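To start, the structure under review is shown below, and the notes come after it.
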Amino acid sequence: MKLLGFTIAGAFALASMVMPAFAAPDDVLTIQLKDGPVVIQLMPEVAPKHVAQVEALAAKGAYDNVVFHRVIDGFMAQTGDVQFGKEGGSGYNPARAGTGGSDLPDLPAEFSKVPFERGTVGMARAQSPNSANSQFFIMFDQGSFLNGQYTVIGKVVSGMEFVDKIKRGEGRNGEVTNPDKMIKVTVGKK
């Protein structure tokens, strides 16, 4: 019995050394898509203000039914316009989806050395580096040209196969006609 206790204690000690500091169970965002759930491990140690804002919006249901307004094959899927992109909401306007934000203030950039790879989640912004608000994107592939230019807030840890099924947009800017949406977005344990 003592040997089993030491083995279990050793396993916990090893896990605590191997697991990243950002693996807190509350820093998980789950997005329900039409094909299944996408779990994102958020990184508050990398971008605390951005993660807090996304968590606050998700907690109050602001991201529910928000469309993926810009989806570029081989690049990324962008969503999060709670002002004009919330299907069924009072401000929903497909022609303006992607031009709005939320009622929260824009955020100062929190750039890091975390690279943009497949599954990385970054904050969208306008020309100004300090203009991120509610919109974010999920990378289909690596995008090293974004490194140090956009704020990374997390990484998909499961469900990337469902992200791959998001309807793609047309043209160079990736505008989507009859877009897919985030059905429900929750914060908390997996």
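Quick look at the numbers
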read-out	value
Within region 101-126, backbone nitrogen closer than 17 Å to the virtual label 7 Å beyond the Cα of E45 toward Cβ	111-115
Cα coordinate range in region 68-178, projected on the principal axes (Å, largest first)	38, 32, 27
Largest to smallest accessible area among V114, V51 [probe 1.4 Å]	V114, V51
Area projected by the alpha carbon convex hull of region 27-78, averaged over all directions, nm²	4.3
Net length gained if the chain between D73 and N93 were fully extended (0.36 nm per residue, minus Cα distance)	4.8 nm
Long-range amide H partners of K181 with built H, under 5 Å	K34, F68
Distance in nm between pseudo-label sites at D141 and K60 (7 Å out along the Cβ direction from Cα)	3.8
Partners for K86 among aspartates and glutamates (Cα-Cα distance below 13 Å; same-chain residues under 8 apart left out)	D64, D180
Cα-Cα P(r), region 146-190, percent of pairs per 10 Å interval	18, 38, 41, 4
D_trans [Stokes-Einstein, Kirkwood Rh over alpha-carbon pairs] for region 118-172, 25 °C, 0.890 mPa s, µm² s⁻¹	199
P(r) histogram, all alpha-carbon pairs of the chain included - 5 Å bins from 0, percent	1, 8, 16, 21, 20, 15, 7, 4, 3, 2, 2, 1, 0, 0
Charge context of M182, other residues only, Cβ under 15 angstrom, K/R +1, D/E -1	+2
Difference of contour (0.36 nm per residue) and Cα-Cα distance, K165 to Q149	3.1 nm
Net charge of neighbours whose Cβ lies under 11 Å from the Cβ of P44, counting Lys and Arg as +1 and Asp and Glu as -1	-4
Packing-based ranking, highest mean first, of 100-110, 30-40, 66-76, 167-177 given that Cβ atoms within 10 Å are counted	66-76, 30-40, 100-110, 167-177
Residue-normalised accessible area of region 34-107, expressed per residue, 1.4 Å probe, Å²	40
The chain: relative contact order in percent, alpha carbon pairs under 8 Å with at least 6 residues between	31
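The values are calculated or read from the model by the stated rules, or taken from the named source; none is laboratory data. Remember, predicted model here, so these are calculated numbers, not experimental data. Neighbour counts are summed over all protein chains in view; Cβ atoms, including those assigned to glycine, are modelled from backbone coordinates with ideal geometry. Note: accessible area is taken over every heavy atom of the protein model, side chains too, but ligands, DNA and RNA are not part of it. Shrake-Rupley method; radii C 1.70, N 1.55, O 1.52, S 1.80 Å.
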